[in-house]
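Here the structure comes first, spelled out in structure tokens, and everything after it is commentary.
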Amino acid sequence: MDLSRGMGWLGPAQYVQSPRAKAAALSLWHDPDYLGALALAEQTQIASPEVKERYGLGTTANPVFPEMWRRPATSAGASLLAGELLAQGGIVYSPAGGTHHGMPARANGFCYLNDPVLAILSLRRSGVRRVAYIDIDAHHPDGVEVAFGADPDVLMISTHEENRWPRTGALEDVGAGTLFNLPLPAGLNDTEMAEIRDRLILPSVASFAPEAIVLQCGADAVTEDPLSRLTLSNNSHWQIVAALMEMAPRNLVLGGGGYNPWSVGRLWTGVWATLNGHLIPEVLPPVAQSVLRGLEFQNHRLGRNPPDHWFSTLRDSPRNGEVRPKVRDGLARLCARIQPEF
Ligand SMILES: [Zn+2]
């Protein structure tokens, strides 16, 4: 947001404060006992062994921290609100959302709540039935699949790195027939992602004809991200955003994973530029550069000597390459399942 403001792209008229969701609203999908345990853990800053065992709180993946209830309840509040704001159509961008691992009664993968699920349920409450959920985070959205994998009114497409936690999301999974999982090998390049976009994502969304699209636009499948071994440039993400926003009357774009502050800020600011049709300059103005220069990545090798283009540009150089047989084969299998009309 600071970077978007530094670019002059985010005026007050375009910004809506997210309400912090109350437990009653979150119980649309989450178990009330779990919500109580999560709120209590924030208050006490302790998770008992029982709470740790039962709800996954207080683990390395889902640690106790000062805002462990307020922070996720606020981003979930944004997703619930988005479902209301989009009743009549439009585009909402909530980069703090995209916590796609959360389970109904359990924290999972640093996701204490599952705001993409809540967004889709909120859209349903606004009268929207058919939703396409596209997830280009490096990790498989296991929580969202638990909620909607068997729902024929949700088209679910996930591209994620193979053999990576949570290790769900197999190519063979079909769910209700509208579930598409594409595990991808390390070193995924922009050419491969363009092929996935043009042969799988766009055609299946076109034939599904959704009333709303929810895009989880996690920033962890780029080369600069330390958590995945996928090697996209941010151009891949922006091109998918640009193509999808034309395909349904309602669009919700969420964030997701992303573990290098510079690549996250540059990618998600570029998403905002794409949604608004702003031209991304070759070299950023000084105010925007100072936002990037002010970031820190403590105790990590990537934070020691950041290259200059992490400060001075938004757009990565394209990372093209050959489309490898593994990608081509997986894609062919999924493409064969696209129906003329779902
Ligand atoms: Zn991720």
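Just to verify a result, which residue in segment 197-211, among those that are among the hydrophobic types (A, V, I, L, M, F, W, C) and out of contact with any Lys or Arg (no Cβ under 9 Å at 6 or more places or on another chain), is nearest to the ligand (Cβ to nearest atom)?
Only one residue fits best here, namely ILE201.
Looking for something within 16 Å of the ligand (Cβ to nearest atom) and not β-branched (Val, Ile, Thr) - is there at least one such residue anywhere in segment 118-129?
no
Got a sec? Which helices (runs of 4 or more DSSP H) wholly within segment 212-326 have at least 1 residues that are within 16 Å of the ligand (Cβ to nearest atom) and under 21 Å from ALA186 (Cα atoms)?
Ranges flagged: 234-244, 261-276.
Mind listing just one residue for me: the one in segment 164-189 that is out of contact with any His (no Cβ under 9 Å at 6 or more places or on another chain) and not in a loop (DSSP other than H, G, I, E, B) and, of those, nearest to LEU200 (Cα to Cα)?
Out of the qualifying residues, it is PHE180.
Can you go through ARG125, ARG130, ARG164, ARG106 and tell me which one is at pLDDT 95 or above and closer than 27 Å to ARG324 by Cα?
ARG164 is the lone residue from the list that is at pLDDT 95 or above and closer than 27 Å to ARG324 by Cα.
Quickly run through segment 285-334 and pick out the residues that are of a type in the set (Val, Ile, Thr), closer than 20 Å to LEU267 by Cα and surrounded by 14 or more Cβ atoms within 10 Å (Cβ to Cβ).
Of everything in segment 285-334, those that are of a type in the set (Val, Ile, Thr), closer than 20 Å to LEU267 by Cα and surrounded by 14 or more Cβ atoms within 10 Å (Cβ to Cβ) turn out to be VAL291, THR313.
Report, ordered by the first and then the second residue, all pairs with beta carbons closer than 7 Å, sequence separation of six or more or different chains, a first member in segment 249-275 that is polar (S, T, N, Q), and a second member that is part of a helix (DSSP H, G or I) and away from the ligand (no atom under 13 Å from the Cβ).
Filtered contacts from segment 249-275: ASN251/LEU244; ASN260/LEU302; THR269/LEU3; THR269/SER4; THR274/TRP238; THR274/VAL241; THR274/ALA242.
In segment 141-182, what count of residues is obtained for those that are surrounded by fewer than 20 Cβ atoms within 10 Å (Cβ to Cβ) and over 22 Å from ARG130 (Cβ atoms)?
The qualifying residues number 10.
Every residue in segment 205-222 that is over 20 Å from LEU254 (Cα atoms) and surrounded by 19 or more Cβ atoms within 10 Å (Cβ to Cβ), please.
PHE208
Give me the residue from segment 159-182 that is of a type in the set (Gly, Ala, Ser) and farther than 16 Å from LEU230 by Cβ and, out of that set, nearest to the ligand (Cβ to nearest atom).
Within segment 159-182, the match that is nearest to the ligand (Cβ to nearest atom) is ALA170.
Among the numbered conditions (1) in contact (Cβ under 8 Å) with a residue 24 or more places away in the chain; (2) under 23 Å from ILE157 (Cα atoms), tell me where GLU282 comes up short.
Among (1) in contact (Cβ under 8 Å) with a residue 24 or more places away in the chain; (2) under 23 Å from ILE157 (Cα atoms), GLU282 violates only (2).
The values are calculated or read from the model by the stated rules, or taken from the named source; none is laboratory data. None of the values given here were measured: they were computed from a predicted structure. As a convention, Cβ positions derive from the backbone with ideal geometry for all residues, glycine included, and neighbour counts pool all protein chains shown.
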